[in-house]
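The values are calculated or read from the model by the stated rules, or taken from the named source; none is laboratory data. In this text, all values refer to a predicted model and were calculated from it rather than measured experimentally. Cβ atoms come from the backbone with ideal geometry, glycine included; neighbour counts cover every protein chain shown.
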Amino acid sequence: MSSLSPRTKRVLDAISDLSSYRLLWYSLTDRPIPLEGIETDSGSTGEFGMPRDEPVDDRTAIPKIVFQTWKSHHEMPANYRYWRRSFLLTNPGFRCFLWDDDDNRQFIEQRFSWFLGKYNSYPKEIFRADVIRLFFLYVYGGFYADMDSECLRPLEDMSKMGDVLVGRMGGDNDFEHSIPNAVMASKAGQAFWLLAIAFASERLAEFHLRKGAQDIRPEWLTGPILLKDVVDFYSSHTTEEVRQRLSKALPELEVEIAKCDFGKIRILPPAIWYPVNWNNFMHTVLRKKLFKQNAVVESAKARCLFPHAYIVTYWSASWK
């Protein structure tokens, strides 16, 4: 299959995925819920900004933390408010943080001041929103989820699934976007995130060396392509080789490198976090319908459509 063209692979991936027909049938025959008039702000709204008290430093399991970031604590699209509420309702024992752009910068300034100049030099806010999640997961651990992600089942069930969790999207493992950075989870203090920060630092330096080259894509600089490259490198090199790469790229984090944990990465199958594949033309029918109608899938129906999913990401592409 590796000799096939990307377009052919995409078509074969779509038609061989049984969920394609389930989602297409729903898109053509059912009606999502219009967001107009839906109450999305009642009850708990989680925690805004940096924690007033530090989360418990327990490296034996993935902490009960959900981290999200958006331009504002309160002003956001109705579908984002609806989906964020799903994390609060489904995980009552979790601390659910929402940071805005100022919170992100404050965190870097206080905890990683050596990176602040690099952080500020990114050309757009989306790059900073990408990179901040790497630092957060290293320091606190927990779950990161994009704002267009809905939580369908309690995340506590996933707390013992591994040291670092990432998810696969689609059936083509060679696709450069096949390990998105929309949802990630981890124990605290994992070397994997330091390696991701190292990759991001190296690529930012290349970006500036080429004077902001227009052909450098955001996905490569800070996004899903970077994450997949980090997964591939971490999985194919020894602990000592990873440590050497870290020491060379991040001399400022010598103390962190010495005490971090070199845990194992677990790549979850698409049905767990990414049952909607933006690269699947049959799944795209559902995505377009939701965003065109400013609607959401009713939660009980979503659990039927995505029977194995803990989280589903709907791919609003708000960063473009």
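The table below gives the values:
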| item | result |
| --- | --- |
| Residue tally, condition touching a Ser or Thr at 6+ places or on another chain (Cβ under 6 Å) and at pLDDT below 95, over the stretch 281-317 | 4 |
| Checklist (1) buried (at least 21 other Cβ atoms within 10 Å of the Cβ); (2) out of contact with any strand residue (DSSP E or B) (no Cβ under 7 Å at 6 or more places or on another chain); (3) not in a loop (DSSP other than H, G, I, E, B) applied to M184, failing item | (2) |
| Odd one out for T29 among (1) modelled with pLDDT of 90 or more; (2) of a type outside the set (A, V, I, L, M); (3) under 28 Å from D157 (Cβ atoms) | (3) |
| Looking only at the stretch 270-284, and only at residues there that are of a type outside the set (A, V, I, L, M, F, W, C) and within 15 Å of the chain's Cα centre (by Cα), the one that is surrounded by the most Cβ atoms within 10 Å (Cβ to Cβ) | N277 |
| Of the criteria (1) surrounded by fewer than 17 Cβ atoms within 10 Å (Cβ to Cβ); (2) over 29 Å from E36 (Cα atoms); (3) small (G, A, S), which one S72 fails | (2) |
| The lone exception for D103 - which of (1) under 23 Å from Y274 (Cβ atoms); (2) touching a strand residue (DSSP E or B) at 6+ places or on another chain (Cβ under 9 Å) it fails | (1) |
| Complete set of residues in the stretch 279-305 that are out of contact with any helix residue (DSSP H, G or I) (no Cβ under 7 Å at 6 or more places or on another chain) and aromatic (F, W, Y) | F291 |
| Odd one out for E156 among (1) among the acidic types (D, E); (2) surrounded by fewer than 21 Cβ atoms within 10 Å (Cβ to Cβ); (3) in contact with a helix residue (DSSP H, G or I) (Cβ under 9 Å, 6 or more places away or on another chain); (4) farther than 30 Å from L12 by Cα | (3) |
| Verdict on R22 being under 28 Å from A271 (Cα atoms), modelled with pLDDT of 90 or more and part of a helix (DSSP H, G or I) | yes |
| Cβ-Cβ under 7 Å pairs, at least 6 apart or on other chains, the stretch 256-279 side in contact (Cβ under 8 Å) with a residue 12 or more places away in the chain and more than 18 Å from F175 (Cα to Cα), far side hydroxyl-bearing (S, T, Y) and surrounded by fewer than 17 Cβ atoms within 10 Å (Cβ to Cβ) | I257/S247; F262/T239; I265/S235 |
| Complete set of residues in the stretch 49-65 that are under 19 Å from R105 (Cα atoms) and surrounded by 13 or more Cβ atoms within 10 Å (Cβ to Cβ) | G49, M50 |
| Any hit, the stretch 225-234, residues being modelled with pLDDT of 95 or more, assigned to a helix (DSSP H, G or I), farther than 21 Å from G189 by Cβ and among the β-branched types (V, I, T) | yes |
| Residue within the stretch 208-215 that is in contact with a helix residue (DSSP H, G or I) (Cβ under 8 Å, 6 or more places away or on another chain) and surrounded by fewer than 18 Cβ atoms within 10 Å (Cβ to Cβ) present | yes |
